[in-house]
Amino acid sequence: MKKLILLLLFAVVPVLAHAQESVPDLPSWSFEIKGGEFLPALPNWKEFYGKRDMPEYSMSLAYKIVRQVDVGIEGGYLTSHGSAYAPIHQTFGGSVTYDLYPANVFILFRGVASEQQWIVPYVGGGYTKMFYRENIENQGSVKGSANGYHARGGLQFLLDVLDPEAANDMYQDNGVFHTYLFVEAEYIHAVVASTNLGGVGYLAGLLFEF
């Protein structure tokens, strides 16, 4: 009986090993960090804040349903300092600090056909919960949230090809399959009290697949 079991093990193990080798080793998760400028949809923004845009920073984590489809969550932070007028208060005052914290749940479609593909286009979108806070000097603050949606698209540029040895070290040491540099445009629509807190963002960042 023992000999029979050993013979079966010797027969099955190579089959299992071959099956394991035939399954492609692909990433299951992605993490990205990005920053750029955001152009608010609020009217007369430049007049009261001195410039047309405000800085935007965000991070996201996504799970890959299949190689070309990610679902994930994203959190961001935007802030600007101005004077005279607060868009949420809709009042004139002194110094104003205006902060936005968008939280996104998204699905992303990536046009990736090969693990060595240099340029990967992508589009996506989903639900947005926009948290806001507005503080007027000597007049207190107001905060709240608005429901909305967002859409985005861009291009990802594979960095592995620039230094294959470093890319291999990243995989061996940290489990990172690929690193991309990306640029994207994003539109957010979130309305509170007839005021659209959204706008258009232009961002760049790094994406890590693991």
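Brief remarks follow.
- First in the stretch 25-46 and at negative phi, second anywhere and crowded, with 17+ Cβ neighbours inside 10 Å and at pLDDT below 90, Cβ under 6 Å, 6 or more apart: Leu42/Pro87
- Residues that are over 16 Å from Val112 (Cα atoms), over 10 Å from the mean Cα position of the chain (by Cα) and in contact (Cβ under 8 Å) with a residue 40 or more places away in the chain within the stretch 55-78 comprise Glu56, Leu78, listed in sequence order.
- Number of positions in the stretch 127-165 that are under 30 Å from His178 (Cβ atoms) and either of a type in the set (Phe, Trp, Tyr) or touching a Leu at 6+ places or on another chain (Cβ under 9 Å) (or both): 8
- In the stretch 158-170, residue modelled with the lowest pLDDT [restricted to those that are out of contact with any helix residue (DSSP H, G or I) (no Cβ under 6 Å at 6 or more places or on another chain) and surrounded by 15 or more Cβ atoms within 10 Å (Cβ to Cβ)]: Met170
- Those residues of the stretch 172-192 which are of a type in the set (D, E, K, R) and closer than 23 Å to Phe109 by Cβ, in sequence order: Glu184, Glu186
- Among the residues of the stretch 106-118, those that are farther than 23 Å from Thr79 by Cβ and within 18 Å of the chain's Cα centre (by Cα) comprise Ile107, Leu108, Phe109, Arg110, Gly111, Val112.
- For the stretch 176-188, the set of residues classified as within 25 Å of Tyr127 (Cβ to Cβ) and in contact (Cβ under 8 Å) with a residue 60 or more places away in the chain consists of Tyr180, Phe182, Glu184, Ile188, listed by residue number.
- From the options Val120, Val105, Val161, residue that is out of contact with any strand residue (DSSP E or B) (no Cβ under 9 Å at 6 or more places or on another chain), in contact (Cβ under 8 Å) with a residue 24 or more places away in the chain and over 20 Å from Thr195 (Cβ atoms): Val161
- Sole residue being within 18 Å of the chain's Cα centre (by Cα) and not β-branched (Val, Ile, Thr), chosen from Gly140, Gly199, Gly175, Gly144: Gly199
The values are calculated or read from the model by the stated rules, or taken from the named source; none is laboratory data. In this text the structure is predicted, and so the values were computed from the model without any measurement. Glycine gets a Cβ as well: all are built from the backbone with ideal geometry, and neighbour counts include every protein chain shown.
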